[in-house]
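The values are calculated or read from the model by the stated rules, or taken from the named source; none is laboratory data. Quick caveat: nothing in here was measured; it's all calculated off a predicted structure. Cβ placement follows ideal geometry from the backbone for every residue including glycine, while neighbour counts extend to all protein chains displayed.
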Amino acid sequence: MKVCFILSSIGGPRMLPQLFAGQLRDDVAYVVIQRLAGAGLLDVLVECLREELNRKTLIAGHTLSLQPGAIHFLPNERNYAFEGDALAAAPGKGALDLDLLFASAAAQPHACAVAVLSGMLVQDEGLAGLAKLAAKGVPIVGTLESQTPVFDMIDRIRSMGLMGELYPPKNLLEHLDFSNPGPRAADGRAGGLRYLIADDEEKVRSMLSEMLKLHGIESDLAVDGLDALRKIQKGRYRALILDLAMPEMDGIKTLEALKTIDPALPIVVMTGSEDPARIQAAKEFKVLGVLQKPFSWEKLKKLLPIG
């Protein structure tokens, strides 16, 4: 069973027809979470989609068996959790708990994906559950739609390194990959003892990669913090060697995101700056150490979890 969760709120209903037009797959069960919609509005939305798309469209009751090729709507008034291929009412607070739902999905063998159309977060609603899905390798993508107030949600998810690329609604579903790699190996090995090097300078990445290779250690390379987070979501690493000053997402923002994605990952920070405030900020994340560039293998070796 493949499951695609679709998060939708203000502006979402007018984007749903664009999202589904010509892109529905017969091997995927689509689960729409339409926030800020009472039962009456949900009934109208479901009927309109059913007529426009000529697809089976269902609203969950106490239980709902997921059907490939069908569109399923979850009411906001009840909690749900997975029981095999079905969603069943679950205990908890009075409104639909996204963290409970996503954590339940992460514990299932189903291949999943998440598409974020629009929405507004209530505090940290759903972020912990999304982090569990991302750690499983589940792709999370968002829309480029700019005419609705969506970016408070999408920017928050992206700032945590949980979301990949953004696309127009009409192209969103075609970019979802359901070949989830599954939970990362507990020993952190992928073809040997692997490390991840994140630095925006190509010569630094190459130099460090060669340094590690000379001592029998394989490595992967990331061009910035966001690239590093995406790689960490897809496969576990023995350690991360992280530069502080990078575009797109710098070292401090990356460290902040890793508290949610992989809090146990050993990290060595490197920097060409002597800014004591930034260095102290990095140390507060309990990294293995901070190295001033350039540094020798002996200095790096003392910090790395080798063996």
Among the residues of the range 206-231, how many are within 17 Å of the chain's Cα centre (by Cα) and within 17 Å of Lys302 (Cα to Cα)? 0
For Cys4, work out the one condition from (1) over 20 Å from Pro139 (Cα atoms); (2) within 24 Å of the chain's Cα centre (by Cα); (3) modelled with pLDDT of 85 or more it doesn't fulfil. (1)
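Residue-wise test of (1) more than 21 Å from Gly142 (Cα to Cα); (2) among the β-branched types (Val, Ile, Thr); (3) under 22 Å from the mean Cα position of the chain (by Cα).
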{"position": "Leu19", "(1), (2), (3)": "no, no, yes"}
{"position": "Arg35", "(1), (2), (3)": "no, no, yes"}
{"position": "Ala60", "(1), (2), (3)": "yes, no, no"}
{"position": "Thr63", "(1), (2), (3)": "yes, yes, no"}
{"position": "Ala88", "(1), (2), (3)": "yes, no, no"}
{"position": "Asp97", "(1), (2), (3)": "no, no, yes"}
Selection within the range 201-219 - surrounded by fewer than 20 Cβ atoms within 10 Å (Cβ to Cβ) and outside any helix (DSSP H, G or I): Glu201, His215, Gly216, Ile217, Glu218
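Residues checked against (1) at positive phi; (2) in contact with a strand residue (DSSP E or B) (Cβ under 8 Å, 6 or more places away or on another chain); (3) hydrophobic (A, V, I, L, M, F, W, C):
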site: Glu218; (1), (2), (3): no, yes, no
site: Ala222; (1), (2), (3): no, yes, yes
site: Ile232; (1), (2), (3): no, yes, yes
site: Pro247; (1), (2), (3): no, no, no
site: Lys259; (1), (2), (3): no, no, no
site: Leu265; (1), (2), (3): no, yes, yes
With respect to Asp200, determine if the residue is touching a residue at least 40 places away in the same chain (Cβ under 8 Å), over 19 Å from Lys301 (Cβ atoms), of a type outside the set (Phe, Trp, Tyr) and outside the structural domain of Leu162 (by TED's automatic domain parsing). yes
Does Ala281 fit the bill of being aliphatic (A, V, I, L, M) and loosely packed, with under 13 Cβ neighbours inside 10 Å? no
Set Gly272, Gly289: member being in the same structural domain as Tyr237 (by TED's automatic domain parsing) and under 18 Å from Tyr237 (Cα atoms): Gly289
Filter the range 230-275 for residues that are at pLDDT below 90, small (Gly, Ala, Ser) and buried (at least 21 other Cβ atoms within 10 Å of the Cβ) and give the result. Ala257
Which residue pairs have Cβ atoms closer than 9 Å, lie 6 or more positions apart in sequence or on different chains, and pair a first residue in the range 56-67 that is more than 17 Å from Leu42 (Cα to Cα) and without any contact (Cβ under 8 Å) to a residue 24 or more places away in the chain with a second residue that is outside any strand (DSSP E or B) and of a type outside the set (A, V, I, L, M, F, W, C)? Ser65/Gly84; Ser65/Asp85
Report, by residue number, each residue of the range 93-118 that is touching a helix residue (DSSP H, G or I) at 6+ places or on another chain (Cβ under 6 Å) and without any contact (Cβ under 8 Å) to a residue 60 or more places away in the chain. Asp99, Ala103, Ala106
